[in-house]
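**Student:** My questions all concern the structure below.
Every number here is computed from the coordinates shown, using simple stated rules; none is lab data. Values in this document were obtained by computation on a predicted structure and should not be read as measured data. Cβ placement follows ideal geometry from the backbone for every residue including glycine, while neighbour counts extend to all protein chains displayed.
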Amino acid sequence: MSIEIRGLRKSFGSKEVLAGVDLTVAAGEFVAVLGANGSGKSTVLRCAVGLQQPDAGTISIDGGAAMVFQQIHLVGRRTVLDNVCSGALGRLRLRQSVFFPRSVREEAMECLARVGLADRASDRASKLSGGQQQRVAIARALCQRAKVILADEPVSALDPSAAEQVVSLLASLADEGLAVLAVLHQPELAQRFADRIIGLTRGKVAFTNKATTIDSNMVNALYEVAR
Ligand SMILES: Nc1ncnc2c1ncn2[C@@H]1O[C@H](COP(=O)(O)OP(=O)(O)OP(=O)(O)O)[C@@H](O)[C@H]1O
């Protein structure tokens, strides 16, 4: 397994947000997490990358993880290519990071090509649309050489066609062998593109099923809990 989470628990004060979550994602698999607001989806991802400390449970990630967020943090005045190169910062010496070495620039170009934006490499990042910027953020994650991509509502700020493009890109990266875990608020995109869907209610896994076996009753039940 590329990600294996067992018995994950997290409370904030007296509020139990994760009540023992088990979750796995294999290499080559695209898993979507659905659930109502407050069901604990982001907390699972944040614990997985170490942004939050769980109270209990084990997390094992094989090959390193990179996270993609709803809010896209690119440096708008720098080029698309520089933004992707910055994914390599973790493995560069500091003085190399002012001008990225050629090997990094070449690798970043390959990452940009994988997200279909090689032709925008020398544009300022701020010139790109929201959907394109999210694809650049994904290219930057690829440039980290992570084997696991975690995405927290990566398309919630995008229009429907850009959202579809980004989710389809995540699916194709899983086809190339990455493990992809994405929190989505678009059940129909999850059903169309994910291999498996995990439904979360009140910090517990309500179901984990092949996407093709999820029906609308199961999806509706996730959101009715909150009402
Ligand atoms: N740092 C924190 N301090 C206190 N409470 C928090 C903190 N982070 C999250 N929570 C609470 O934990 C619960 C779950 O939050 P989380 O962000 O994981 O939910 P979510 O399923 O991702 O929701 P959404 O769909 O709204 O993003 C919420 O009630 C939230 O208010």
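**Student:** Return a yes/no flag: does the range 191-212 have any residue that is within 27 Å of HIS73 (Cα to Cα) and surrounded by fewer than 16 Cβ atoms within 10 Å (Cβ to Cβ).
**Tutor:** So far as the range 191-212 goes, no, none of its residues is within 27 Å of HIS73 (Cα to Cα) and surrounded by fewer than 16 Cβ atoms within 10 Å (Cβ to Cβ).
**Student:** How many of the residues in the range 102-121 are charged (D, E, K, R) and touching a residue at least 40 places away in the same chain (Cβ under 8 Å)?
**Tutor:** Counting residues in the range 102-121 that are charged (D, E, K, R) and touching a residue at least 40 places away in the same chain (Cβ under 8 Å) gives 2.
**Student:** Which of (1) over 23 Å from ALA179 (Cα atoms); (2) in contact with a Ser or Thr (Cβ under 7 Å, 6 or more places away or on another chain) is the odd one out, the single condition ASP152 does not satisfy?
**Tutor:** Failing condition for ASP152: (1).
**Student:** While we're looking at this one, here's another question. Mind checking which residues of the range 122-143 are touching a residue at least 40 places away in the same chain (Cβ under 8 Å) and buried (at least 19 other Cβ atoms within 10 Å of the Cβ)?
**Tutor:** Matches in the range 122-143: ALA125, LEU128, GLN133, GLN134, VAL136, ALA137, ILE138, ALA139, ARG140, ALA141, LEU142, CYS143.
**Student:** Looking at (1) among the aliphatic types (A, V, I, L, M); (2) within 15 Å of the ligand (Cβ to nearest atom); (3) out of contact with any Pro (no Cβ under 7 Å at 6 or more places or on another chain), which is the one condition that is false for ALA182?
**Tutor:** Condition (3) is where ALA182 drops out.
**Student:** Report yes if some residue within the range 169-177 is within 16 Å of the ligand (Cβ to nearest atom) and in contact with a helix residue (DSSP H, G or I) (Cβ under 8 Å, 6 or more places away or on another chain); otherwise report no.
**Tutor:** Taking every residue of the range 169-177 in turn, none turns out to be within 16 Å of the ligand (Cβ to nearest atom) and in contact with a helix residue (DSSP H, G or I) (Cβ under 8 Å, 6 or more places away or on another chain).
**Student:** Residue check: is ALA146 among the small types (Gly, Ala, Ser), under 18 Å from the mean Cα position of the chain (by Cα) and within 24 Å of GLU29 (Cβ to Cβ)?
**Tutor:** Against the criterion (among the small types (Gly, Ala, Ser), under 18 Å from the mean Cα position of the chain (by Cα) and within 24 Å of GLU29 (Cβ to Cβ)), ALA146 qualifies.
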